[in-house]
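A.B. asks: Got a structure for you, written out below as structure tokens; questions coming shortly.
Throughout, read-outs are computed from the coordinates displayed, never taken from laboratory work. Computed from a predicted structure; not experimentally measured. Neighbour counts are summed over all protein chains in view; Cβ atoms, including those assigned to glycine, are modelled from backbone coordinates with ideal geometry.
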Amino acid sequence: MTDRTLIEDGVVRLERAGHVLVMTLNRPDARNAVNSEVTSILGRALELLTRDSELRVGVLTGTGPAFCAGQDLKAFAAGEPVIPAQNPEWGFGGFVSHFTPKPLIAAVNGFAFGGGFELALACDLIVASDTASFALPEVTVGLFAAGGGAPRIVQQLPPKVGARMIFTGEPMSAADALRWGLVNEVVAPELLEQTALELAHTIAANAPVAVQASKKVLAAEGHSTTWTPDAWELVMKEFDTVFGSQDAAEGAQAFVEKRAPQWKGR
């Protein structure tokens, strides 16, 4: 396993594991609920992930029995913001509408409810502990899943399955989440972090320019028709970028020479 270097410790622990940025929600006594400090650090973490060319994948997880219980209601009552004042476009937790072209993996170690589930839904892939559960219970307290949960749940689940979660607030087990394709893998708790990091390193071993172009196209066109000219504009833009990149030339040369490619990320 790749050695990890601590970048920052506190309510969110940031570590570098090779080409992977590990972001660990670290408020176990508050079930990793999101307050203003968590929001600030998560927002900065995604900016770091995006701009650092050596970082290629992000992993978001939590300490203790919960992945994230959502918004910290005590902090809310005290008037703490959970949307960055300087960058409101980043959304809840500085995360849910904060786009990065680098793939994100949620390693869900326990329950992910409300805004915590919305953090996971904002990631590209989810690995879950077999003790994990997922819920959007906002309607049970007079609210709705405004952090991306309402649209994303029916994009990532069969529409009627997602609508039931939205309308009832009932939780879904890790096993059912796997059955419906909401999560990629379900593993024993002690294997969760290892599994997520192995997946992250597998992705990071691929050409960064190609992976990031793929994510941009998936994010923009993944739920759109491919039978209109507009749908192909971004594809062709990324085609020119990727196929003309140094990584593309290196990939072809490495294949010919039967060696591992040395990606430059450009």
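A.B. asks: Sort all Cα-Cα distances of region 208-257 into consecutive 5 angstrom bins from zero, then give the percent of pairs in each bin up to the one containing the longest distance.
C.D. replies: Over region 208-257, the share of Cα pairs per 5 Å bin runs 4, 21, 25, 19, 14, 9, 6, 2 percent.
A.B. asks: Which number do you get for Rg(Cα) / (2.2 N^0.38 Å) in region 1-124? Working shown, then result.
C.D. replies: Numbers: Rg = 13.3 Å, N = 124, 2.2 N^0.38 = 13.7 Å.
Compared with the compact-globule rule of thumb, region 1-124 sits at 0.97.
A.B. asks: Pull up the cross-link candidates among the lysines for residue 237, meaning alpha carbon to alpha carbon under 21 Å and not fewer than 8 places away within one chain.
C.D. replies: 102, 215, 216, 264
A.B. asks: Sort all Cα-Cα distances of region 1-51 into consecutive 5 angstrom bins from zero, then give the percent of pairs in each bin up to the one containing the longest distance.
C.D. replies: All Cα pairs, binned at 5 Å, distribute as 5, 21, 29, 23, 14, 7, 1 percent.
A.B. asks: Around residue 78, under 13 Å between beta carbons, what's the net of Lys plus Arg minus Asp minus Glu among the other residues? Present the calculation step by step, with values, prior to reporting the outcome.
C.D. replies: Numbers: positive: 74; negative: 37, 72, 80.
Charge balance in the 13 Å sphere: -2.
A.B. asks: Can you tell me the orientation of helix 159-168 relative to the chain, as the angle in degrees between its alpha-carbon axis and the longest Cα principal axis, to the nearest 10?
C.D. replies: Between the helix axis and the principal axis of the chain, the angle is about 30 degrees.
A.B. asks: Another question about this same structure. Could you estimate the translational diffusion coefficient of the chain from the Stokes-Einstein equation, with Rh from the Kirkwood formula over C-alpha pairs, at 37 °C and 0.692 mPa s, in whole µm²/s?
C.D. replies: For these conditions, the coefficient is 171 µm²/s.
A.B. asks: Still on this structure: Output the 0 to 90 degree angle, nearest 10, between the alpha-carbon long axis of helix 233-243 and the longest principal axis computed from the alpha carbons of the chain.
C.D. replies: Computed tilt is about 50 degrees.
A.B. asks: Here's something else I'd like to know. Could you tell me what % of all Cα pairs in region 182-266 have separations over 20 Å?
C.D. replies: For region 182-266, the fraction of Cα-Cα distances above 20 Å is 52 percent.
A.B. asks: By count of other Cβ within 10 Å, fewest leading, how are 173, 36, 224 ordered?
C.D. replies: Ordered by Cβ neighbours within 10 Å, fewest first: 224, 173, 36.
A.B. asks: Would you order 130, 9 from fewest to most other beta-carbon atoms within 10 Å of each residue's own beta-carbon?
C.D. replies: Going from sparsest to densest Cβ surroundings: 9, 130.
A.B. asks: Now for a separate question. Whose amide H sits under 5 Å from the amide H of residue 108, counting only residues 5 or more places off or on another chain, with H placed in the peptide plane?
C.D. replies: 127, 128, 129
A.B. asks: Using a 10 Å cut-off on Cβ atoms, rank the peptides 51-63, 210-222 from the highest mean neighbour count down. Don't skip to the end; give the middle numbers.
C.D. replies: Working: 51-63: 20.3, 210-222: 16.7.
For the peptides 51-63, 210-222, the packing ranking is 51-63, 210-222.
A.B. asks: With the radius of gyration and the Kirkwood radius both derived from the Cα set of region 117-266, what is their ratio Rg to Rh?
C.D. replies: Using only Cα positions, Rg/Rh for region 117-266 is 1.06.
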